[in-house]
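Input: a single structure, listed below in structure tokens.
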Amino acid sequence: MTGVTVPGQAGVPAAESGPMVHAEQVHKSFGSIEVLKGIDLQVRAGEVCCLLGPSGSGKSTFLRCINHLEKINAGWIRVDGELIGYRERGGKLHEMREKEVAAQRRAIGMVFQRFNLFPHKTALENVTEAPLLVRREKRAEVRDRAAALLERVGLGDKLGNYPSQLSGGQQQRVAIARALAMKPKLMLFDEPTSALDPELVGEVLDVMKDLARDGMTMIVVTHEIGFAREVGDSLVFIDGGVVVESGNPREVIANPQHERTKTFLAKVL
Amino acid sequence: MSVGTDSPERARPEPIQAVPVRHPGRWVAVAVIGVLVAMFVHLLVTNQAFNWSFMVDNMFRPPIMAGVRGSIALLVTSMLIGIVLGVVIAVMRLSENPILRGVSWAYTWFFRAVPRLVLAILFGNLGILWARIEFGLPFDRQIGALFGIQDFEARLFGFSAVDILTGFVAGMLALGLSEAAYMAEIIRAGIQSVDEGQTEAAQALGMTRGQILRRIVLPQAMRVIVPPTGNETIAMLKDTSLVAFVPVSAELFFQLRAVGSRTFQVFPMLVAATIWYLLLSSVLLVGQYYLERHFAKGIGRAGQAKARLRGMAVGGGGVTGGGGGV
């Protein structure tokens, strides 16, 4: 809200054909509490990046900054070269209008911890809603694509069910299909399996693995170390609002360099 | 561990045959209520002041049916104004713009503070303020004087206030504007009852604020909004009788009372009024039932039962996962 400070003012680098997500020095405060204290992150196209960290470390907040659900106070975030939430004109940043922000979000899918399916719509309607309303696509096309997506996440027989009739794992898979229906170039997962019964975690992770194999760029906030090790291309450990350690997930998990990473991994492994 | 359902030595036990708990209180209550009902029926049948035949002969006469139509028209139009304006005021109240918030608060404050009866009479007398109501450039005379033009008038159209603001329109405005204040509070509560995550999920899909309100939040808020709106509609049905003071004569209670005082049969006509209002509210209750059922879609037991039936028709069992949770 109050003046976004641009590092070096003219220091916002021009759009380049670089990483899919590029964040520099991201700061975010809620009132007087600073939650993010300068996060840097780069995620290449097709990469699966896992964000790890204790609760309250700011990893979810950072994820929400990437699609501008939270406004950052300093630093910048680019997705596919495009500055998020702001437009640069004449060396100055201009806040985007609500419609422009909404347009940016179309290309960024998001999956929430608590699913947040629309309870008054069936599984199929949940998936078709945004393409019909936001992308104004043809109904028949959207319906077919939505049915195919639900089929892909293993719910081809649940098209007409309301969310309240689905298990948590099924709801989360509908939520993934709903995000995919917008044909995003980036998917954000905010602890997608944390609200699930242990026996249902696997079915959601399987869908995510399948997505990763297909080359989707993914940023996943998770406590599933196994998933990070198996599917992740990079792992970023966040604590106290800063990146403590990052690198290849298998190396970081097997041989953490930082003391805080060690204690955290010792607890969750 | 063996479960002995089919083992012969463990036969099914005898069904329980216990003496049920007695409820003597119920019988006493039935006796007391029976006597009271009998007394009431006796009163209805034997007391000549009811004059039933007169009531039945008179409660469906043309002027009274016109009154019924007038009351229903007033109910529908004022509730429409109330709901549409109520949504606008509720959205203003929840907006980020402090001026809109303030205006909305002031509106609600004014129209909830002033009694409807006072409003009805006030609107009926607005003609005292202006002979004509005209639309055009505001302060046109003053602006004209500023530029040295005498009697500068920039008005597009107008109408006689006395013609419009007496009778039906005044009553409709008084009731509708007052209702909007109450509806705004009901709708605001409904909107706020919808989980924040719904808005976030919709935002993440690229929907704009208007789309989210229309497609995601309001349909879910309806579940909370409909029951108190039913209350408001029934209250409004009764409050249409207030417009007699505007005055409006094409209104149910005014017409019934007119017959009563003309024929000196006041009491039968009051009973007729009671019956008419009972009838009309019963119709509204039926409408409310169907509305509530419609907006319970996907939520709670009604939705689940319906979909379970559909699931059986399709013949789909849970192949993946463990069937329906929750």
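Scan the range B:175-196 and tell me whether some residue there is more than 20 Å from the chain's Cα centre (by Cα) and aliphatic (A, V, I, L, M).
Yes, that holds for at least one residue.
Among the numbered conditions (1) in contact with a Ser or Thr (Cβ under 9 Å, 6 or more places away or on another chain); (2) within 12 Å of chain B (Cβ to nearest Cβ), tell me where A:GLU191 comes up short.
Failing condition for A:GLU191: (2).
Return the total of residues in the range B:106-117 being over 21 Å from the mean Cα position of the chain (by Cα) and surrounded by 14 or more Cβ atoms within 10 Å (Cβ to Cβ).
Total meeting the criteria: 0.
Among the residues of the range A:134-148, are any in contact with a Ser or Thr (Cβ under 8 Å, 6 or more places away or on another chain), in contact (Cβ under 8 Å) with a residue 12 or more places away in the chain and buried (at least 24 other Cβ atoms within 10 Å of the Cβ)?
Within the range A:134-148, one or more residues are in contact with a Ser or Thr (Cβ under 8 Å, 6 or more places away or on another chain), in contact (Cβ under 8 Å) with a residue 12 or more places away in the chain and buried (at least 24 other Cβ atoms within 10 Å of the Cβ).
Please give the number of the condition A:VAL201 fails out of (1) modelled with pLDDT of 95 or more; (2) in contact with an Asp or Glu (Cβ under 8 Å, 6 or more places away or on another chain); (3) assigned to a helix (DSSP H, G or I).
It is condition (1) that A:VAL201 fails.
Answer with yes or no whether A:GLY85 is touching a His at 6+ places or on another chain (Cβ under 7 Å) and within 13 Å of chain B (Cβ to nearest Cβ).
Judged against the criteria, A:GLY85 is a match.
So B:GLU179 ticks every box in (1) under 15 Å from A:MET110 (Cα atoms); (2) part of a helix (DSSP H, G or I) but one. Which box is left unticked?
(1)
State yes or no: is A:VAL201 of a type outside the set (D, E, K, R) and within 20 Å of A:GLU47 (Cα to Cα)?
no
Can you pull out the residues in the range B:194-218 that are of a type in the set (D, E, K, R) and under 20 Å from A:GLY85 (Cα atoms)?
Within the range B:194-218, B:GLU200, B:ARG209 meet the criteria.
Quick one: which residue in B:VAL91, B:VAL68 is in contact (Cβ under 8 Å) with a residue 60 or more places away in the chain and either part of a loop (DSSP other than H, G, I, E, B) or farther than 30 Å from B:PHE245 by Cβ (or both)?
B:VAL91
Restricting the range A:24-70 to residues that are assigned to a loop (DSSP other than H, G, I, E, B) and under 21 Å from B:ALA201 (Cβ atoms), which is farthest from the other protein chains (Cβ to nearest Cβ)?
Only one residue fits best here, namely A:GLU70.
Results for (1) more than 30 Å from B:VAL217 (Cα to Cα); (2) β-branched (Val, Ile, Thr); (3) surrounded by fewer than 14 Cβ atoms within 10 Å (Cβ to Cβ), shown as yes or no for each residue.
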residue: B:GLY136; (1), (2), (3): yes, no, yes
residue: B:GLY148; (1), (2), (3): yes, no, yes
residue: B:GLU153; (1), (2), (3): yes, no, yes
residue: B:LEU156; (1), (2), (3): yes, no, yes
residue: B:LEU173; (1), (2), (3): no, no, no
residue: B:ALA180; (1), (2), (3): no, no, no
residue: B:ALA184; (1), (2), (3): no, no, no
residue: B:ILE187; (1), (2), (3): no, yes, no
residue: B:ASP195; (1), (2), (3): no, no, yes
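Which pairs turn up if I take residues in the range B:278-298 that are of a type in the set (Phe, Trp, Tyr) and look for partners that are surrounded by 11 or more Cβ atoms within 10 Å (Cβ to Cβ) and part of a loop (DSSP other than H, G, I, E, B) with beta carbon separation below 9 Å, at least 6 apart in sequence or on another chain?
Pairs found: B:PHE295/A:HIS120.
Kindly establish whether B:ASP140 is among the acidic types (Asp, Glu), at negative phi and away from chain A (no Cβ under 14 Å).
The answer is yes for B:ASP140.
Only one of (1) farther than 25 Å from B:LEU218 by Cα; (2) within 9 Å of chain B (Cβ to nearest Cβ); (3) surrounded by 20 or more Cβ atoms within 10 Å (Cβ to Cβ) is not met by A:VAL101, so which one is it?
(1)
Which of the residues belonging to the range B:186-200 are within 14 Å of chain A (Cβ to nearest Cβ) and either touching a Gly at 6+ places or on another chain (Cβ under 8 Å) or not β-branched (Val, Ile, Thr) (or both)?
Of everything in the range B:186-200, those that are within 14 Å of chain A (Cβ to nearest Cβ) and either touching a Gly at 6+ places or on another chain (Cβ under 8 Å) or not β-branched (Val, Ile, Thr) (or both) turn out to be B:GLY190, B:SER193, B:ASP195, B:GLU196, B:GLY197, B:GLN198, B:GLU200.
List pairs: first residue in the range B:248-259 and buried (at least 19 other Cβ atoms within 10 Å of the Cβ), second residue of a type in the set (Lys, Arg) anywhere in the structure, Cβ distance under 8 angstrom, at least six positions apart or on different chains.
Filtered contacts from the range B:248-259: B:ALA250/B:ARG69; B:VAL259/B:ARG61.
Which condition does A:ASP197 not pass, out of (1) in contact (Cβ under 8 Å) with a residue 24 or more places away in the chain; (2) surrounded by fewer than 21 Cβ atoms within 10 Å (Cβ to Cβ); (3) more than 12 Å from chain B (Cβ to nearest Cβ), if it passes all the others?
(3)
Please specify each residue of the range B:48-71 satisfying the condition of being surrounded by fewer than 12 Cβ atoms within 10 Å (Cβ to Cβ), farther than 17 Å from B:PHE253 by Cα and not small (Gly, Ala, Ser).
Answer for the range B:48-71, where residues must be surrounded by fewer than 12 Cβ atoms within 10 Å (Cβ to Cβ), farther than 17 Å from B:PHE253 by Cα and not small (Gly, Ala, Ser): just B:GLN48.
Condition first: modelled with pLDDT under 95, outside any helix (DSSP H, G or I) and touching a strand residue (DSSP E or B) at 6+ places or on another chain (Cβ under 7 Å). Can you find one or more residues in the range A:217-224 that meet it?
Yes, the range A:217-224 has at least one match.
The values are calculated or read from the model by the stated rules, or taken from the named source; none is laboratory data. As the structure is a computational prediction, the values presented were derived from the model and not from experiment. Virtual Cβ from ideal backbone geometry, glycine too; neighbours counted across all protein chains shown.
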